[in-house]
Amino acid sequence: MYAIKLELKLNNKERTKLAQHAGYSRFVYNYALGLYNQLDHQEFKQSASKKLDTIKKLFTNYRKKEKESQWCNKLSSRVYQNAFIALKNAFSRFFKGISGYPKFKRKKNNCSFTVDSSNGKVLLPAGKKIKIPTMGTFRLKEALRESYVSQTFTISKIADKWYVSLAVEAEKIPPLYHEIIKPIGIDLGVKTFATLSDGSKIESPMPYRKAKTKLADFQFQNRKKQLGNRKLGIKTSHNARKYLKKLAKKSAKVANVRADFLQKTTTNLCKKYAHLRIENLNIKGMMANHKLAGAIADLGAYEFKRQLFYKAECFGTKVDVIDQWYPSSKGCSNCGAIKSNLTLSDRIFKCDECAFEEDRDFNASIRLEKAPEEAVVNRVGYTRINACGQVRADSLGRNRK
Ligand SMILES: [Zn+2]
């Protein structure tokens with residue numbers, strides 16, 4: 001499965017309709033979370049999911065039927081079904097320790113909702129229009145190039161634009177032949193985004209850095225605007241509102257540059273290479289180091305790997321994940337000697353044993369390429385390809401990280 005996100009081309013009436021549904025989704029989510037928080041958890045020793053089922057019954061049978069809730073009944077009921085699913089997922093992520101306790105959604109930054117087709121998957125024919133279950137037909141900014149099959153549709157507003165995203169079956173991707181078959185190590189760095197052991201480098205995009213500096217300037221210039229504070233009862237000034245709208249647009253632009261860079265980079269890597277080897281980054285440890293935190297958090301090493309893994313499966317690229325404790329930067333790629341006194345500021349690796357000298361990141365990428373089998377802690381994309389180089393239908397959904 002992979003996701004596609006399409007921009008919708010809307011008139012004012014359609015915009016209002018989508019905003020109403022997003023409001024409905026937020027209302028249901030907050031209602032359920034509010035009730036959940038009020039429960040006496042000492043007394044009800046059920047799972048969060050069971051408790052939410054009870055709350056859902058309450059909503060369907062009572063709250064939804066009240067007079068002041070009449071507006072709900074004019075909107076798609078799939079919205080509230082999916083809002084409950086989203087809240088259940090939020091709690092499950094919380095209990096697994098992946099994310100924090102679910103928060104109330106606010107209009108300011110949560111303008112999205114999900115609908116699905118209750119009769120299973122629907123066919124979306126290629127073209128400039130998309131039929132979204134229970135919502136109707138909408139125009140697309142860019143035409144769908146081929147037909148897709150999907151069941152769940154998430155509609156979201158980012159700055160002033162509306163998007164629909166849908167999960168699509170991976171079988172749709174045609175088999176690909178890779179230009180480079182031999183294993184290639186990738187070293188993710190701070191200065192250069194990625195260094196590959198075939199000698200190529202991927203630089204972080206300049207427009208992104210520029211846009212980010214501009215954004216910081218813009219925030220600084222507007223630092224005295226009265227932004228408002230709910231707890232202190234301070235209202236947001238009119239000028240601050242205008243500023244926040246502009247800021248949202250600018251932030252979205254920066255985020256788009258970043259998303260675009262990561263998407264293109266991961267796709268290109270998986271298309272070009274048949275076998276990649278990457279370090280299992282200790283992201284938490286790196287984030288604790290302030291100097292590294294900014295640069296790494298920025299270009300999303302975590303997001304990079306997430307995309308690389310799922311695309312590897314789609315494109316039939318094998319990815320070996322190398323143990324984070326395997327000395328990639330500290331080892332000499334020529335003789336294998338380990339250098340214990342290598343600091344972060346050393347940009348050149350100089351071996352004390354064999355006098356080998358090489359760019360630090362390039363040395364690390366070769367070390368990853370040559371890492372022994374026992375240093376491999378995870379393998380992605382191994383089961384997907386059959387002898388003809390096609391994605392095996394029976395392997396769909398397996399070996400997913
Ligand atoms: Zn050496």
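Lys129 to Arg106: FRET efficiency via 1/(1 + (r/R0)^6), r the Cβ-Cβ distance, R0 35 Å, to the nearest 0.05?
Using R0 = 35 Å, I get an efficiency of 0.60.
Stretched out fully, how many nm does the piece from Gln46 to Asp160 gain, at 0.36 nm a residue minus the Cα gap?
Extending this stretch completely gives an extra 36.9 nm.
How high is the relative contact order of the chain? Use alpha-carbon pairs under 8 Å, at least six apart in sequence, and give a whole percent.
Relative contact order comes out at 15 percent.
Rounded if a/c is under 1.5, else prolate if a/b beats b/c, else oblate: with a ≥ b ≥ c from the C-alpha gyration tensor eigenvalues square-rooted, which is the range 1-96?
oblate
What residues have an amide H closer than 5 Å to that of Arg277, excluding those fewer than 5 places away on the same chain, when H is modeled at 1.01 Å from N in the peptide plane?
Counting only residues 5 or more places away or on other chains, the set is Ile184, Gly185, Ile186, Asp320.
Pop out the ³J(HN,Hα) list for the range 21-37 in order, Karplus 6.51 cos²θ - 1.76 cosθ + 1.60 with θ = phi - 60°, rounded to Hz; leave Gly and Pro as x.
Values, residue by residue: 5, 5, x, 4, 4, 5, 4, 5, 4, 5, 4, 5, 5, x, 5, 4, 5 Hz.
Which log10 I(q)/I(0) values does the range 2-168 give at q = 0.08, 0.11, 0.14, 0.21 Å⁻¹ under the Debye formula, counting every alpha carbon as one identical point scatterer?
For the range 2-168 at q = 0.08, 0.11, 0.14, 0.21 Å⁻¹, log10 I(q)/I(0) is -0.27, -0.50, -0.79, -1.44.
For Lys212, go through the aspartates and glutamates and keep the ones whose alpha-carbon is under 17 Å away, minus same-chain ones fewer than eight residues off.
Excluding near neighbours in sequence, the set is Glu203, Asp260, Asp298.
What FRET efficiency comes out for Cys335 versus Asn268 if R0 is 41 angstrom and r is the Cβ-Cβ distance? Round to the nearest 0.05.
The computed FRET efficiency comes out at 0.80.
Remind me, relative contact order of the range 2-168 in percent, using alpha carbon pairs under 8 angstrom and six or more residues apart?
Averaging sequence separation for qualifying contacts and normalising by length gives 33 percent for the range 2-168.
For the range 101-211, state the semi-axes of the equivalent ellipsoid (square roots of 5 times the eigenvalues of the alpha-carbon gyration tensor), sorted largest first and rounded to whole angstrom.
Whole-Å semi-axes of the equivalent ellipsoid: 35, 24, 15.
For the pair Lys246 and Arg223, how long in nm is the line joining their label points, each one 7 Å along Cα→Cβ?
Placing both labels 7 Å beyond Cα along the Cβ direction yields 1.7 nm.
Could you work out the pair-distance distribution P(r) of the chain from its alpha-carbon pairs, with 20 angstrom bin width and percents rounded to whole numbers?
21, 50, 27, 2, 0
Readers should treat all values here as calculations from the given coordinates under stated rules, not as data from a laboratory. Not measured: the values here are computed from a predicted model. Note that each Cβ is placed from the backbone with ideal geometry, even for glycine, and that neighbours are counted across all protein chains shown.
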